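Participant: This is the structure, below, for whatever I ask next.
The values are calculated or read from the model by the stated rules, or taken from the named source; none is laboratory data. All values reported here derive from a predicted model rather than from experimental measurement. As a convention, Cβ positions derive from the backbone with ideal geometry for all residues, glycine included, and neighbour counts pool all protein chains shown. In case anyone asks, the SASA skips ligands and DNA or RNA and just uses the protein heavy atoms, side chains included. Shrake-Rupley method; radii C 1.70, N 1.55, O 1.52, S 1.80 Å.
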Protein chains: 2
Amino acid sequence: MSEKKEQKTNGKPRGRAAAVGLTKDRIVDVAIAQIDEKGFHAFSMRELARALGVSPNNIYWHVGGTKEDLFGEIAARFTAEVSQSLPRDKPWQDRLRTVFLSYREAVSDHANVAPLLGAQLKSNGVANLALVEAVLTALHDAGYRGPGMRDAFNALIGGLCGFVTMEFAPAPDDKAQEWEALFAERVAGIDPALFPYTHSVLPEFSNRIFVLRWENGKDVSYASSFDFLLDLLIEGLSAHAPNQTPTS
Amino acid sequence: MSEKKEQKTNGKPRGRAAAVGLTKDRIVDVAIAQIDEKGFHAFSMRELARALGVSPNNIYWHVGGTKEDLFGEIAARFTAEVSQSLPRDKPWQDRLRTVFLSYREAVSDHANVAPLLGAQLKSNGVANLALVEAVLTALHDAGYRGPGMRDAFNALIGGLCGFVTMEFAPAPDDKAQEWEALFAERVAGIDPALFPYTHSVLPEFSNRIFVLRWENGKDVSYASSFDFLLDLLIEGLSAHAPNQTPTS
DNA sequence: CTTTCAATTGCACAGTGTTCTATAAATGAA
DNA sequence: TTCATTTATAGAACACTGTGCAATTGAAAG
């Protein structure tokens, strides 16, 4: 028909005719890929929609009202992977280590996503039950109950996930290249009267502190520090554990 | 249109005639106040400018190019306050404790600023020398050097500042009121087959884990967990310290 | 008396998250 | 078959955002 109002839609069909079989999983997949590639700062709903070949509203329809909800789905993806192959018969210390090492591994594979995770874990911790379950059962086996369990739980989640959120997140705009020079300049400008020790000792540590080292696309300096922190926490929790079963 | 040529400036004078004596300090003051009041998410350069009675560009001129630079100044304000009244003659453990407790105190007075601090400390750690100096000297006194010092440094900064960044940051849009109900609903929906322990035990912990308790406008549940984590770290670092001076 | 300069402004650009409304296919009911 | 409802999509618009550019002007410097 000649009087069809086809011009109004600018050629592209509307409605379900254009169904592309969009799913929450695919949205989260592409969102993570986009953040990996372009960085968290540059990630936007509109560009995600463009990458999916879909209108922004479609995304909102699938993930619930807001961008924050999408972030929640992304975070859940990370904490869900954590539970795989948990050795239930091993001592609780080993289980804790396995869980948090796998979390660190998952995040360091997608360092650009890190800035998201902390806030999401905090505001919607109940959505990340695989992680919660693992930590709670471990602490229960250690004998922790009540306020003591709360403190142990928060120390683990807050300390370790906080570490990951903070340290694995790359600097905005990827100024890592100029970073070493910037660092040297800053260190040179330190006032010896105000910060005597830092002034005298920081230069020699410039390749040990602050500056990251990458191997095979993964950071190895923060990773080793994370492991050190993890060991410290497990040792401490073992020493204070109400159930003092011998640590074979 | 009309013959009035002065309307162009809308009554307000331009140029230095309108000088308001804007300073970096005042900008940071008002920025922190705004974030405290409206929340981090709602903070914008334009509204800050409005609150200061000034044009946005004026702020850029004073703090350097970008919003991120302003965040850097804010973070520096927090870490600078940390150094006050450090007992240099006390053992390094006590000095560490003092430093990080004062940091926690500073942040929990401005919980809405927390989301900023992690990223800023990470990407511009060298700008926060008061904190760095304190931690480095303490670790030096404990005998830590080289890679061991790096790991200890990162564990402390990453674990404790990460904890603060993650846990003290309030949920977006302040849905704390509806939170308890939401929590109960989520907990009730937990699949016992997938998460048996969480399902059976989480309800009784609902007022110990996740849910915060406030007294005198300050959170007391995360604060006590932070202190527990701090003690764990200091104990562990003492046990592994190369300098084994007796802990009186 | 000029010139330079520090501090400030308005305007405009290229986005952003999100809401409202229109739409067409799939589905189910009559 | 026919018709209403639901589901999954799109377009346009709104009220913002960070930030660059060029203009402006009082004060200081020469």
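Participant: In peptide A:114-124, what is the residue-averaged number of other protein chain Cβ atoms found within 10 Å of each Cβ?
Facilitator: Details: counts 3, 4, 0, 1, 10, 10, 2, 2, 11, 8, 5.
Counting Cβ atoms of other protein chains within 10 Å of each residue's Cβ and averaging gives 5.
Participant: Can you list, shortest first in nanometers, how far B:Ser44 lies from the same residue in the other copies, with each label 7 Å from Cα toward Cβ?
Facilitator: For B:Ser44, the other copies' label points sit at 1.4 nm, shortest first.
Participant: So, R0 is 22 Å and r is the distance between the beta-carbons of B:Glu185 and A:Thr66; what FRET efficiency does that work out to, to 0.05?
Facilitator: Values: r = 19 Å, r/R0 = 0.86.
Efficiency for this residue pair is about 0.70.
Participant: Between beta-carbons, use under 10 Å as the cut-off and find the net charge around B:Ser44, counting Lys and Arg +1, Asp and Glu -1.
Facilitator: Numbers: positive: B:Lys38, B:Arg46, B:Arg50, B:Lys67; negative: B:Glu47.
Neighbour charge sum, excluding B:Ser44 itself: +3.
Participant: Less than 11 Å Cβ to Cβ from B:Lys24, Lys/Arg counted +1 and Asp/Glu -1: what total charge do the surrounding residues give? Write down the numbers at each step before the final one.
Facilitator: Values: positive: B:Arg26, B:Arg77; negative: B:Asp25, B:Asp29, B:Asp69, B:Glu73.
Local charge sum for B:Lys24: -2.
Participant: Note the buried accessible area between A and B here, summed over both chains, with a 1.4 Å probe, in Å² to the nearest 100.
Facilitator: Numbers: alone 15490 and 15570 Å², together 25080 Å².
Buried: approximately 6000 Å² between B and A.
Participant: Equivalent-ellipsoid semi-axes (√(5λ), Cα gyration tensor) for segment B:19-145, whole Å, largest first? Write out the running numbers ahead of the final one.
Facilitator: On the way: eigenvalues 205, 39, 30 Å².
Values for segment B:19-145, descending: 32, 14, 12 Å.
Participant: Label-to-label distances across copies for B:Leu101, with labels 7 Å out along Cα→Cβ, in nm, shortest first?
Facilitator: Copy-to-copy label distances at B:Leu101, shortest first: 3.6 nm.
Participant: Provide an ascending nm list, one decimal, of label-point separations from B:Ser224 to the equivalent residue in each further copy; define each label point as 7 Å from Cα along Cα→Cβ.
Facilitator: Here the equivalent label points are 3.9 nm apart from this one.
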